[in-house]
Ligand code: AMP
């Protein structure tokens, strides 16, 4: 089963994708994670994308489609979860073509709906474990009092350079201008289902599970 998690920054796509990996053995493909990896490796491409990401703008379709094409060549027994990709109509067309060439298809596109003010509050409070990537939030899921990650015991936590209000406003603008047209695109294909993304993590997982098992 191949699915897309669609939604604005901070909607909880990464958190839900990690759950699906654990529960269903699916493979998470996050272009944001791939780009952060590229920038920390200091490659020419990494240097080019770092500034764009920090400004909260989208990197070019060519770069992200290339990254995804490389990963799709690998095996995903349990299917792929596309997290943060596609973000433009060009990327959506390219994904359709790549899957078709592999004799595969998209099974569902889940739109996670959260209002903007909640996103700002969520994102400015967000951090992740530097070791395993577990996501924490000062308001809803604080780092345990003993300072150790509840998943792996790691003691280093990171905040993303672009998780500040200025970058977030720009990322939201990019979402509405370039990514939200995908809602209509996938709706027209009959692939789209919306879920309320504002609830507790377990509630949102339950809503996603209901869509995937329908
Ligand atoms: P994310 O971790 O998904 O919030 O992505 C962080 C940043 O990486 C975004 O603000 C963009 O600058 C860049 N990025 C991630 N995925 C894409 C994509 N599919 N297309 C263009 N830029 C992307």
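Laboratory data are not the source of any read-out in this text; all were calculated from the coordinates shown. Keep in mind it's a predicted model, so treat the numbers as computed, not measured.
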* Among 56, 46, 194, which one moves the most in a GNM of the chain with springs linking Cα atoms closer than 10 Å? -> 46
* To do: With a bin width of 10 angstrom, please list the P(r) values of the chain as percents of all Cα-Cα pairs, from the 0 bin to the one holding the largest distance.
  => 8, 34, 40, 17, 1
* For the chain, what relative contact order do you get, as a whole percent, if you take Cα pairs closer than 8 Å and at least 6 residues apart? -> 29 percent
* To two decimal places, what compactness ratio does the range 27-130 give when its Cα radius of gyration is scaled by 2.2 N^0.38 Å? -> 1.17
* **Among 87, 39, 171: highest mean-square fluctuation, GNM of the chain, C-alpha pairs under 10 Å** => 39
* **Rounded Å value of the spacing that divides the Cα centres of the range 135-214 and the range 91-111** => 21 Å
* Asked: Any idea what the relative contact order of the range 1-107 is, in percent, if you count C-alpha pairs under 8 Å spaced at least 6 apart?
  -> 44 percent
* For the chain, calculated [θ]222 nm from helices alone, where every DSSP H run of n ≥ 4 adds -39500 (n - 2.57) -> -14000 deg cm²/dmol
* Asked: With the chain treated as a Gaussian network of Cα nodes joined by springs under 10 Å, which of 34, 45, 26 yields the largest mean-square fluctuation?
  -> 45
* Restricting to the chain, compute how many DSSP beta bridges are antiparallel as a %, nearest 5. => 25 percent
* To do: Give the relative contact order (percent, whole number) for the range 93-167; include only Cα pairs under 8 Å separated by 6+ residues.
  => 26 percent
